[in-house]
Amino acid sequence: KECIENDIDDMNNIIDQFIDYIRHDSKDKAELGDLNVLVEDVLNVETPIDRKITLLAHECPKIPLRTVAIKRALANLIQNALRYTQGDIDVITGMDKKKGCAYFIVSDYGAGIPDDEIERLFQPFTQGDTARGTEGSGLGLAIIKRIIDTHGGRVELSNKAEGGLQAKVCLPLKF
């Protein structure tokens with residue numbers, strides 16, 4: 001009986017994610033906001049008692065934020081890092097004047113992902129290779145990409161030279 005209940009819970013979560021993927025918080029309007037405050041709010045909710053997430057916050061101007069959607073994207077990235085790695089996680093914020101964007105980075109020290117699989121991970125129902133496990137619906141990164149795309153931003157995944165995966169989300173400074 002418990003197995004069936006767990007399976008139903010898993011299916012409900014996948015359905016909820018699929019609805020999020022289709023809808024992507026379209027009612028949420030962009031308003032000028034503080035990216036560092038948004039990141040701190042998400043970390044306060046998402047950091048488990050037994051894990052360490054370090055925030056390296058750099059100065060950012062107020063930027064247009066669809067707060068609910070961006071919080072969801074960041075929370076998904078943090079949940080991925082927590083799910084697929086056991087070590088510490090770094091979250092970094094800042095501004096890139098040359099590119100005209102503010103950014104946040106979620107960085108872990110796990111196994112990383114083969115470079116030739118990175119783009120494929122943004123497709124719906126795609127999961128990472130066995131190095132990062134096979135839990136989940138395969139919708140997380142597709143949802144994140146859609147949220148960031150509709151926000152006029154971009155998301156980049158890359159393996160770090162010292163090991164681990166880094167997800168960088170760049171958001172425009174102006175509407």
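Scanning region 107-145 for residues that are at pLDDT 80 or above, open to solvent by less than 60 Å² (accessible area, probe 1.4 Å) and more than 18 Å from L65 (Cα to Cα) turns up S107, D108, G110, G112, I113, P114, E117, I118, L141, A142. Of all residues in region 77-85, none satisfies being among the hydroxyl-bearing types (S, T, Y) and at pLDDT 95 or above. Being open to solvent by 10 Å² or more (accessible area, probe 1.4 Å) and touching a residue at least 24 places away in the same chain (Cβ under 8 Å) is not true of I78.
If you go through region 70-124 and pick out every residue that is in a helix (DSSP H, G or I), out of contact with any His (no Cβ under 9 Å at 6 or more places or on another chain) and not aliphatic (A, V, I, L, M), you end up with 12. Filtered by the rule that a residue be of a type in the set (K, R) and surrounded by 15 or more Cβ atoms within 10 Å (Cβ to Cβ), region 27-52 gives a lone residue, R51. Kindly establish whether T150 is modelled with pLDDT of 85 or more and of a type in the set (V, I, T). Here the answer is yes, as T150 does meet what is asked.
The values are calculated or read from the model by the stated rules, or taken from the named source; none is laboratory data. All values reported here derive from a predicted model rather than from experimental measurement. No Cβ is skipped: glycine too gets one built from the backbone with ideal geometry, and neighbour counts run over all protein chains shown. Accessible surface areas use protein heavy atoms only, side chains included; no ligands, DNA or RNA. Shrake-Rupley method; radii C 1.70, N 1.55, O 1.52, S 1.80 Å.
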